[in-house]
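The structure under discussion appears below in the form of structure tokens.
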Amino acid sequence: MRTDRKHYSPEFKSKVVLELLREEKTLSQLASEHGIHHSLLVRWRSQALEGLSGVFSDQKIHEIKAAHEREVTTLYQEIGQLTTQLNWLKKKSGMK
């Protein structure tokens, strides 16, 4: 028998984890209020706290910028190649 798992959006997870970190309600109260098992909330909280240091990391920003620069370079190379091919095709077809 196959059971379908629920998938929660990152926005929903962060909203619930923020509520949990505020400590205005207990873990059990939040779990029943949102219809989520308490162990799932514990896992989300752990993931959020582990990833928190990455928010303030300059290394992550540099990685994102480097990936963006590589993508831009690749796209400009492709534009150059396609422009060259287009000009060659125009020349061969007599359109110029």
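What follows is calculated from the coordinates using simple rules that are stated; it is not laboratory data. These numbers come from a predicted model, not from an experiment. Here the Cβ is made from the backbone with ideal geometry for all residues, glycine too, and neighbour counts use every protein chain on show.
The stretch between residue 24 and residue 53 holds 8.0 nm of extra length on full extension. This uses 0.36 nm per residue minus the Cα-Cα distance.
Our summary gives the chain a relative contact order of 17 percent, counting only alpha carbon pairs under 8 angstrom and 6 or more residues apart. Per-residue Karplus couplings for the stretch 23-32, computed as 6.51 cos²θ - 1.76 cosθ + 1.60 with θ equal to phi - 60°, are listed in order as 6, 7, 10, 6, 4, 5, 5, 5, 4, 6 Hz, Gly and Pro entered as x. For Kirkwood radius over Cα pairs in Å, the candidate list reads (i) 14.3; (ii) 18.2; (iii) 22.2; the entry that matches the value derived from this model is (ii). Dipole of the stretch 57-96 computed with +1 at Lys/Arg Cβ and -1 at Asp/Glu Cβ about the Cα centre; of 89, 79, 57, farthest Cα towards the positive end is 89.
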